[in-house]
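Asks: Pasting a structure here, questions to come.
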Amino acid sequence: MKTLRRILLVEDSLRDIDLTLAALDEHHLANVVDVARDGVEALDYLNRRGKFADREPGLPVVVFLDIKMPRLDGLEVLRQLKSDPVFKRLPVVMLTSSKEEPDLAGCYALGANAYVVKPVDFAQFADSVKQLGLFWAVLNEPPPESSPKAT
Amino acid sequence: MPLRNTPIRQKLMLILLVTSAVVMLLMRGAFFAYEYVIFRQTTLRHLATLGEILAANSTAALAFENPDDAAEILSALKAERHVLAAALFDRQGRVFARYAPAAPADPIPASPGPDGYRFVGAHLVGFQAVMVQERRLGTLFLRFDSGTILREFMWGSLPIVLGVMALVLLAAYLLSRVLQRQISTPILALAESARAVSERRDYTARAPALGRDELGLLTEAFNQMLGQIHDLTRDLEQRVAQRTTELEAANKELEAFSYSVSHDLRAPLRHIDGFAGMLVKSDGAKLSTKGQGYLGHISASAKQMGALIDDLLVFSRMGRTEMQFASVDLQQLTEETIKGLELETQQRNIRWKKGELPVVPGDLPMLRQVFVNLLSNAVKYTRPRDPAEIEIGCQPGSPEEIVIFIRDNGVGFDMKYATKLFGVFQRMHRSEDFEGTGIGLANVRRIVLRHGGRIWAESAPEAGATFYFTLPRQRKSPS
């Protein structure tokens, strides 16, 4: 059995992190999730710098990215990732509360791979997260890894 | 070409020519009348003189009762070819001598009339006493053809009259050609300026002022009006620009507000429902049935508020998004909508009655929302009916708008509350009986109004409901 590659969850709300992890845990996927609390941390994680300088090398299989976050928001992170040759092909799923069309259109224009609105209904939310986790971490074949800057 | 459509140059010339002609004819008429009066007086005097001379010459012939002498005296009248007849009567009133070259066309009266001269028809007739030393010897009769003289005089002067008229008209024509410019030139200049302004919408243009007469004042007033229009337009444009900026700012604020509502209000609700759900999962077994019920209420309330927020956002967006007009086939839209409701209708016994619906100009996604809302309401509120009957059709309406109606045999509502029907979050039924947030009809109303239409409903409790709405046949600017 192949080892699961990691999922990066970028989310500022602790409660959302709890709920997301709880949903993934039902399928024993919580243990492969790394968490960044805002955009700056997310970029630190991917570039293996700051408090993530010591993490194991390699890119996550997918980034679950919230839009509204303090400091660097999700749209800006997405823009930086998609314009960087190293991270360009890294799948990014926007996981957000916002149903607003400008966000939706903006994310796809920047090259997001998917856009998922977190439902208020917890059962639905759990189901969405579960399916996302299964799809990206298990079903989907990731793009061949390009050499990351930091190895 | 009717007179009001002839160019002003020609109109002015025509007026001048007609006026001159009429004035000339009137003067000619007055002149003739004067000449006629003078002619009669002259003729009368002429004949009276002739009569007096003849009477004086005839005294001897009458006194000596010599008719041959008398006839000879009368025959001297040959020199006056307008004297038609003459006669001498003796004292007893018998004809003594006569002169009638063209007799008997102008008969000589059998006896003398009263003395004096008068016009009888076209003739001047006179009786003159023949007197010798206050003694009357007889009467002289004279008949004079005044009509022929008059006719000859009239006809003789006609060529002169016509010639003078022609000359006067020619002079009037030439003068009017020059003089009409005084009036027509400024009017034409004004008309040209007005046309240029209305065509190019250039309110800075000015008509040239050519004098201080009424036309000059008109031109000045016109220029002042142009100035006012220019100022007003500029003010209006500035105000529109300012309002647009304000509106854009307000709209941006609203967008930001919606965004925040969408983002920030939904997150805590998700947490409430999420953690309530997790509590059920982790400790549900330890809770009493009551406690489990409370947790259920917490979840349900959170979900309901989520739905309300979503609906409110849709409602707010519906009022702000720009409309994209296209031809919308309402028939097809109805079919698609009914198909989309299959999930709710497949377990039901519903009799659909679909009338013919036209193609109208409208925003397809918005009109789809109208049909989805009204038809799903009809499906929802006929739930207790078996069979349910839902009819959708079109009334003739007016040349400007069509009337569409959706009728059901459902639970209906009391018309007392009809005013609340289209309000935001207004509900006619308890949510235990019929689910919903109460935003659907508010949305429908807003969309219909934005299309320039109207909406109303008729119903009675348990007697079904009919919703009517109108849509303009031609695109209307939104109200």
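Asks: Can you give the local net charge around B:D386? Use residues other than it whose beta-carbon is closer than 11 angstrom to its beta-carbon, Lys and Arg +1, Asp and Glu -1.
Replies: +3
Asks: If R₀ is 60 angstrom, what is the calculated FRET efficiency for the pair B:E65 and B:K11, using the beta carbon separation as r and rounding to 0.05?
Replies: FRET efficiency, B:E65 to B:K11: 0.15.
Asks: Which of B:W155, A:W136 has the fewest other C-beta atoms within 10 Å, and how do the rest follow up to the most?
Replies: B:W155, A:W136
Asks: Can you flag which of A:K130/B:K281; A:K99/B:K420; B:K339/B:K420 are past 27 Å Cα-Cα?
Replies: A:K99/B:K420; B:K339/B:K420
Asks: Kindly provide the helix-only [θ] at 222 nm of chain A, computed as the sum of -39,500 (n - 2.57) over DSSP H runs of four or more divided by all residues, to the nearest 500 deg cm²/dmol?
Replies: -10000 deg cm²/dmol
Asks: So, one more: In segment B:283-330, which chymotrypsin sites (Phe, Trp or Tyr not before Pro) are in a loop and have at most 16 other Cβ atoms within 10 Å, using DSSP for the loop call?
Replies: Taking segment B:283-330 and a limit of 16 other Cβ atoms within 10 Å, the loop chymotrypsin sites (Phe, Trp or Tyr not before Pro) found are B:F325.
Asks: Take the alpha carbon atoms of chain A, find their radius of gyration, then divide it by 2.2 N^0.38 Å using N residues; give the quotient.
Replies: So the Cα radius of gyration is 0.97 times the expected 2.2 N^0.38 Å.
Asks: To one decimal place, what orientation-averaged projected area in nm² is obtained for the convex hull of the Cα set of the protein assembly as shown?
Replies: That works out to 62.2 nm², a quarter of the Cα hull's surface.
Asks: Quick one: Cα convex hull volume of segment B:90-139, Å³ per residue?
Replies: 90 Å³
Asks: For A:A36, what residues show an amide H to amide H distance below 5 Å, using hydrogens built from the backbone and excluding near sequence neighbours?
Replies: Those lying under 5 Å, H to H, from A:A36 are A:L9, A:V10, A:E11.
Asks: Sorting B:V18, A:V10, B:V161, A:V62 on the 10 Å Cβ count, fewest up front, what's the list?
Replies: Ranking B:V18, A:V10, B:V161, A:V62 by Cβ neighbours within 10 Å, fewest first, gives B:V18, B:V161, A:V62, A:V10.
Asks: Specify which residue in the list B:Q395, B:Q474, B:G440 is farthest towards the positive end of the charge dipole of segment B:377-479, using unit charges on the beta carbon of Lys, Arg (+1) and Asp, Glu (-1), about the Cα centre.
Replies: The residue sitting farthest along the positive end of the dipole is B:Q474.
Asks: Taking the Cα-to-Cβ direction at A:V138 and at B:E192 and moving 7 Å from each Cα, how far apart do the two end points lie in nm?
Replies: About 8.8 nm separates the two model spin labels.
Asks: Please list, ordered by chain and number, the residues whose modelled amide H lies under 5 Å from the amide H of B:V132; skip anything fewer than 5 residues away on the same chain.
Replies: B:L137
Asks: Same structure, new question: Between B:Q182 and B:L162, what is the FRET efficiency for a Förster distance of 30 Å, r being their Cβ-Cβ separation, to the nearest 0.05?
Replies: Given R0 = 30 Å and the Cβ-Cβ separation, E is 0.45.
Asks: Suppose every K and R has +1 on its Cβ and every D and E has -1 on its Cβ; what is the size of the dipole of the protein assembly as shown about the Cα centre, in Debye to the nearest 20?
Replies: Magnitude of the dipole: close to 700 debye.
Asks: Roughly how tilted is helix B:146-200, in degrees to the nearest 10 and between 0 and 90, from the longest Cα axis of chain B?
Replies: For B:146-200 against chain B, the angle is about 20 degrees.
Asks: Mind checking the full-extension length gain between B:S75 and B:T19? Use 0.36 nm per residue of separation minus the Cα-Cα distance, one decimal, nm.
Replies: 14.8 nm
Asks: Among the GluC sites (Glu not before Pro) in segment B:105-211, which ones are in a DSSP loop with at most 12 other Cβ atoms within 10 Å of the Cβ? Mind listing them?
Replies: The qualifying sites are B:E134.
Asks: In segment B:28-101, which trypsin sites (Lys or Arg not before Pro) fall in coil by DSSP and have 12 or fewer other Cβ atoms within 10 Å?
Replies: B:R81, B:R94
Asks: Right, another one. Taking the Cα centre of segment B:247-405 as origin, sum charge times position over the Cβ atoms of Lys and Arg (+1) and Asp and Glu (-1), and report the length of that vector in debye to the nearest 20.
Replies: 960 debye
Asks: Got a sec? Which residues in segment B:255-283 would a label at B:Q292 touch, if it sits 7 Å along Cα→Cβ and we count backbone N under 12 Å?
Replies: Output list for this probe position: B:280-281, B:283.
Asks: Which value in nm describes the separation of the simple spin-label points at B:Y173 and B:A56, placed 7 Å from the Cα toward the beta carbon?
Replies: Once both label points are built, they end up 5.7 nm from each other.
Asks: With labels modelled as points extended 7 Å from the Cα through the Cβ direction, what inter-label distance (nm, one decimal) is found for B:Q395 paired with B:R118?
Replies: So the label points at B:Q395 and B:R118 sit 9.0 nm apart.
Asks: Continuing with this model, one more query. Roughly how many Å is it from the Cα centre of segment B:373-451 to that of segment B:1-40, as a whole number?
Replies: 78 Å
Asks: Still on this structure: Kirkwood Rh, chain B, all Cα pairs: how many Å?
Replies: When all Cα pairs of chain B are included, the Kirkwood radius is 34.9 Å.
Asks: Local charge sum around B:Q180 (other residues, Cβ-Cβ under 15 Å, Lys/Arg +1, Asp/Glu -1)?
Replies: Net local charge, B:Q180 excluded: +3.
Asks: Further question: Can you compute the FRET efficiency between B:R475 and B:Y34 using 1/(1 + (r/R0)^6), with r the Cβ-Cβ distance and R0 = 60 Å? Round to the nearest 0.05.
Replies: My answer for the efficiency is 0.20.
Asks: Just the projected area, averaged over all directions, of the convex hull on the alpha carbon atoms of segment B:1-134: how many nm²?
Replies: 13.0 nm²
Asks: Moving to a separate point now. Using a cut-off of 13 Å between beta-carbons, work out the net charge of the residues near A:V40 (Lys and Arg +1, Asp and Glu -1, A:V40 not included).
Replies: Once positives and negatives cancel, what remains is -2.
Asks: How far is helix B:8-63 tilted, in degrees, relative to the longest principal axis of the Cα atoms in chain B, given as a value from 0 to 90 rounded to the nearest 10?
Replies: Tilt relative to chain B: about 20 degrees.
Computed from the coordinates by the stated procedures, all read-outs in this text should not be read as laboratory data. On a predicted model such as this, the values are computed, not experimentally measured, just so you know. Cβ sites come from the backbone with ideal geometry, for glycine too, and all protein chains shown count toward neighbours.
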